[in-house]
1. Would you please name the residue that is nearest to ASN116 (Cα to Cα), looking only at residues in the stretch 48-82 that are touching a Leu at 6+ places or on another chain (Cβ under 9 Å) and part of a loop (DSSP other than H, G, I, E, B)?
2. Can you say whether LEU77 is closer than 16 Å to LEU180 by Cα and either open to solvent by less than 40 Å² (accessible area, probe 1.4 Å) or at pLDDT 95 or above (or both), as far as the supplied structure shows?
3. What pairs come out if I take residues in the stretch 94-105 that are free of Cβ contacts under 8 Å to residues at least 12 places away in the same chain and pair them with residues that are assigned to a helix (DSSP H, G or I) and buried (at least 21 other Cβ atoms within 10 Å of the Cβ) whose C-beta lies under 7 Å away, six or more apart or interchain?
4. For the stretch 102-126, which residues satisfy the criterion of being open to solvent by 10 Å² or more (accessible area, probe 1.4 Å) and part of a helix (DSSP H, G or I)?
5. Among PRO26, PRO58, PRO99, PRO68, which is exposed (fewer than 13 other Cβ atoms within 10 Å of the Cβ), in contact with a helix residue (DSSP H, G or I) (Cβ under 9 Å, 6 or more places away or on another chain) and modelled with pLDDT of 80 or more?
6. Is there a residue in the stretch 34-53 that is surrounded by 14 or more Cβ atoms within 10 Å (Cβ to Cβ) and modelled with pLDDT of 95 or more?
7. Suppose we filter the stretch 142-176 for residues that are in contact (Cβ under 8 Å) with a residue 60 or more places away in the chain, in a helix (DSSP H, G or I) and open to solvent by 60 Å² or more (accessible area, probe 1.4 Å); how many remain?
8. Collect the residues in the stretch 117-139 that are more than 16 Å from TRP82 (Cβ to Cβ) and either touching a helix residue (DSSP H, G or I) at 6+ places or on another chain (Cβ under 6 Å) or small (Gly, Ala, Ser) (or both), keeping them in residue-number order.
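The values are calculated or read from the model by the stated rules, or taken from the named source; none is laboratory data. Given the structure is predicted, the values throughout are model-derived calculations rather than measurements. Quick reminder, even Gly has a Cβ in these numbers, built from the backbone with ideal geometry, and neighbours come from all protein chains shown. Ligands, DNA and RNA are stripped out before the accessible areas are found, and what is left, the full protein with its side chains, is counted by its heavy atoms. Shrake-Rupley method; radii C 1.70, N 1.55, O 1.52, S 1.80 Å.
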Amino acid sequence: LLTRASPGGKARSAKGAPMSKKLLIPLGVFLVLCAFLLVGLWRDPREVPSPLIGKPAPSFVLAQLHEPAKTLGPADLMGQVWLLNVWASWCVSCREEHPLLVELGRAKVVPIVGLNYKDESVAGKRWLAQYGDPYSVSVVDRDGRVGIDWGVYGVPETFVVDKAGMIRYKQIGPITAEALEKKI
């Protein structure tokens with residue numbers, strides 16, 4: 001109703017002025033944005049792709065939580081599959097996954113390395129004493145620099161590292177029984 005065809009075949013407004021193609025650009029941008037938002041509705045927010053998947057684990061050498069004179073890094077774990085679990089005593093979600101980690105640690109399926117992230121060592125030790133220590137060893141990332149290198153968004157996060165030192169999987173958020181069984 002707003003347009004009508006002129007004798008020359010060009011679209012014109014109801015008042016007879018030619019319609020501008022410039023009006024179609026905002027409409028096109030709006031439709032593209034709607035498409036992106038619509039696709040986002042069906043995505044799992046926990047499935048944030050990590051650029052580190054399939055790449056070598058970032059190197060670090062950190063002091064151990066229980067024996068600060070000793071250090072540990074990914075190079076010390078070459079030749080075996082291992083998990084890096086990023087945790088902190090102040091992390092509420094870490095308590096949610098912790099019983100599964102304790103069970104996995106007791107089963108000794110794979111070494112679990114704890115990365116005590118942006119935490120006080122005393123608080124971390126107290127937390128492990130209270131809730132159980134599933135880790136083969138925990139290291140201290142007091143300032144969070146190693147977490148940044150590993151692409152940590154928050155705690156808890158867990159990484160699967162293969163025998164060659166390549167990151168194969170990243171779990172964002174607490175480990176669930178389903179994730180442990182089907183993904184990890």
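1. Here the residue is LEU65.
2. no
3. Partner pairs satisfying both residue conditions: none exist.
4. VAL102, GLU103, LEU104, GLY105, ARG106, ALA107, SER121, VAL122, ALA123, LYS125, ARG126
5. Matching residue, one of PRO26, PRO58, PRO99, PRO68: PRO68.
6. no
7. Counting residues in the stretch 142-176 that are in contact (Cβ under 8 Å) with a residue 60 or more places away in the chain, in a helix (DSSP H, G or I) and open to solvent by 60 Å² or more (accessible area, probe 1.4 Å) gives 1.
8. TYR117, SER121, ALA123, GLY124, ALA129, TYR131, GLY132
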